[in-house]
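Below is one structure, written out as structure tokens; the observations come after it.
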Amino acid sequence: KNSPQLHVFPTADAVLEALANFFVATAHHAVAERGRFAVALSGGSSPKKLYELLASPTYRARIAWEKVFFFFGDERNVPQTSPESNYLMAKTALFDPLGIAPAQVFAVDTTLDPAEAAAQYGAAIEEFFGDEPARFDLVLLGLGDNAHTASLFPHTDVLHTQAVGVQKVFVAELNAVRITMTAPLLNQARATAFLVYGAGKALAVQQILEGPRDADQYPAQLIAPGNGHVHWFMDAAAAVDLK
Ligand code: 6PG
């Protein structure tokens, strides 16, 4: 496997700018090669600022947004109007400001039963890629302070699946159901980028990158694409415990 590439910056703002530039470069490359850019977004609080930056005047002009197709690596099992919704966050920060057409956005249908929503989302992804394997041009990921990524939480069944797809997962520590892309699906990506900032993430970063191999405890260790690198965009505070 390729070793992860670490991009460490003094401040969170510098990290966001570097990842926005990486997003632009990855989008250009994909559009030049394949005529479109398929990206799986992450949720949680960290990427909101990235999406706002991408929608800002400096970046909005640098991407052919009509060629970008948006997916979600994971979603909370809440209505799309809930403040918890990853879709709502991306819509507010990115889709609405840029006037992204609804046909370019593939969201999880959380009005369905979660297992059904997961199956339908997996089918929508397959249909999008058609005869090709489902390979996102870019998978954006966050990191929880318990070393989860997407909704691959410690000690959950989904960590053991070999299935390339989307699954429902019950997260006992949240007492909540999530819908997540599986590690085998995420690992088909052409490029993968973690966005991690803040001192609260330092221990998890150190455990994942330098700790013992134990994906049950540190699920982000499952992110190991067959092709291409994993890029870690981090601030100094998140990287402080690395050797
Ligand atoms: C989600 C995520 C999740 C997130 C991390 C980090 O829906 O919760 O996609 O994997 O990226 O929990 O979240 P923060 O950025 O809020 O710390």
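For this structure, a couple of remarks:
- Selection of helices (runs of 4 or more DSSP H) fully inside the range 1-95 by the criterion of at least 1 residues being away from the ligand (no atom under 16 Å from the Cβ) and among the hydrophobic types (A, V, I, L, M, F, W, C) returns 12-34, 46-55.
- The set of residues from the range 196-223 being touching a residue at least 24 places away in the same chain (Cβ under 8 Å), surrounded by fewer than 15 Cβ atoms within 10 Å (Cβ to Cβ) and under 23 Å from VAL158 (Cβ atoms) comprises just one member, ASP216.
- Test: residue in the range 143-153 that is at pLDDT 95 or above, under 14 Å from the mean Cα position of the chain (by Cα) and closer than 21 Å to VAL68 by Cα: yes
- ARG190 being of a type in the set (Lys, Arg), touching a strand residue (DSSP E or B) at 6+ places or on another chain (Cβ under 8 Å) and either modelled with pLDDT under 95 or assigned to a loop (DSSP other than H, G, I, E, B) (or both): yes
- Here PHE136 meets each of (1) at pLDDT 95 or above; (2) buried (at least 19 other Cβ atoms within 10 Å of the Cβ); (3) within 21 Å of VAL171 (Cβ to Cβ); (4) within 16 Å of the ligand (Cβ to nearest atom) with one exception, condition (3).
- From the options ILE179, ILE208, residue that is among the aliphatic types (A, V, I, L, M) and more than 12 Å from the ligand (Cβ to nearest atom): ILE208
- Screening VAL158, VAL164 for residues that are under 16 Å from ALA118 (Cα atoms), in a loop (DSSP other than H, G, I, E, B) and in contact (Cβ under 8 Å) with a residue 24 or more places away in the chain leaves exactly one candidate, VAL164.
The values are calculated or read from the model by the stated rules, or taken from the named source; none is laboratory data. Being a predicted model, the structure only gives us computed values, none of them experimental. Here the Cβ is made from the backbone with ideal geometry for all residues, glycine too, and neighbour counts use every protein chain on show.
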